[in-house]
2 protein chains.
Amino acid sequence: MDVFEAVAEPNRRHLISLLAEREHTAGELVGSLPTLTQPAVSRHLRILREVGLVEVRPDGQRRIYALKPDGLQRIDDWITPYRRFWRHHLAALEQHLENR
Amino acid sequence: MDVFEAVAEPNRRHLISLLAEREHTAGELVGSLPTLTQPAVSRHLRILREVGLVEVRPDGQRRIYALKPDGLQRIDDWITPYRRFWRHHLAALEQHLENR
DNA sequence: ACGCCATATACACTTGCGCTTATATACGCA
DNA sequence: TGCGTATATAAGCGCAAGTGTATATGGCGT
């Protein structure tokens, strides 16, 4: 599984958004996804770790998860060359906002 | 299928990169993916069209495919808030843009 | 109209994902 | 040492993705 497939899953994107605010224990993340069971969340966290989107640090019997920049940057590097396709569109929008 | 899943497939990313250079007919794209059959490529193009990454224009018996900005921009919009994790100077820029 | 070319769809098959239930591992505390 | 808590792994299942073969659709030229 690569970083693109990892990010394609909505629950994993939710986990990423939570970890972007601050670190969380696995249990907190399980509580934040009430539709999923604990093993399901644990598996998602495993995948996020394997693709380098997340890192784990043990804290007693808990595991603290934190976002890692590297993985998301790989997606950003991929999308960067295509950014020119809507840059001019955005420029036009800003122009419009400034003129009104 | 949403735009994230669409982009998660390597062959579809390849198609996107080809269409970023210029428009292509379906046949040209089939020729650019020698490991896949014509129906397989046709199906990938269908998916890219359904998620708004690509648009089709008929030209006689051929179909000309072109990249559409909207879909990729949605991915870019999603990744933007996380960009501060690896480029702190960009966070300052975003702050500046928000405040003006 | 007929055959040819370009492209799309139907169908069947395999494979891997995401899920749940059940179980294992491991730490903390009395 | 024994128990409860926190987290991970195992096993099994349903389902959808991706693919190939076969076929349909539809424009083009003669």
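The values are calculated or read from the model by the stated rules, or taken from the named source; none is laboratory data. Computed from a prediction, not measured in an experiment: that's the story for all the values here. Every residue, glycine as well, gets a Cβ built from its backbone with ideal geometry; the counts of neighbours run over all protein chains shown. Side chains included, ligands, DNA and RNA excluded: accessible areas come from the protein's heavy atoms. Shrake-Rupley method; radii C 1.70, N 1.55, O 1.52, S 1.80 Å.
Taking the condition more than 9 Å from DNA strand D (Cβ to nearest atom) and of a type outside the set (Ser, Thr, Tyr), does A:Arg22 pass?
Yes: the conditions hold for A:Arg22.
What single numbered condition from (1) away from every other protein chain (no Cβ under 12 Å); (2) closer than 16 Å to B:Asp70 by Cα fails to hold for B:Ala20?
Result: B:Ala20 fails condition (1) only.
Looking at the range B:56-74, which of its residues are within 12 Å of another protein chain (Cβ to nearest Cβ) and assigned to a strand (DSSP E or B)?
Within the range B:56-74, B:Ala66, B:Leu67 meet the criteria.
Pairs please, first residue from the range A:1-30 and at negative phi, second anywhere and within 14 Å of DNA strand D (Cβ to nearest atom) and small (Gly, Ala, Ser), Cβ atoms under 7 Å, 6+ apart in sequence or on different chains.
Correct list of pairs: A:Phe4/B:Ala8; A:Glu5/B:Ala8; A:Ala8/B:Ala8; A:Arg12/A:Ala6; A:Leu18/A:Ser32; A:Leu19/A:Ala66; A:Glu23/A:Ala66; A:Ala26/A:Ser42.
For the range A:58-75, how many residues meet the condition of being surrounded by fewer than 18 Cβ atoms within 10 Å (Cβ to Cβ), without any contact (Cβ under 8 Å) to a residue 24 or more places away in the chain and more than 10 Å from DNA strand C (Cβ to nearest atom)?
Going through the range A:58-75 one residue at a time, the tally reaches 2.
Take the range B:37-81 and flag every residue that is in contact with a helix residue (DSSP H, G or I) (Cβ under 6 Å, 6 or more places away or on another chain) and over 19 Å from A:Trp86 (Cα atoms).
Of everything in the range B:37-81, those that are in contact with a helix residue (DSSP H, G or I) (Cβ under 6 Å, 6 or more places away or on another chain) and over 19 Å from A:Trp86 (Cα atoms) turn out to be B:Gln38, B:Val41, B:His44, B:Ile47, B:Arg63.
Looking at the range B:37-57, which of the residues that are open to solvent by 70 Å² or more (accessible area, probe 1.4 Å) and within 20 Å of the chain's Cα centre (by Cα) is farthest from DNA strand D (Cβ to nearest atom)?
B:Glu55
Which of (1) closer than 20 Å to A:Trp86 by Cβ; (2) modelled with pLDDT under 95 is the odd one out, the single condition B:Phe85 does not satisfy?
(1)
Identify all residues within the range A:1-36 that are surrounded by 14 or more Cβ atoms within 10 Å (Cβ to Cβ), within 7 Å of DNA strand C (Cβ to nearest atom) and more than 22 Å from B:Pro10 (Cα to Cα); write none if there are none.
A:Leu36
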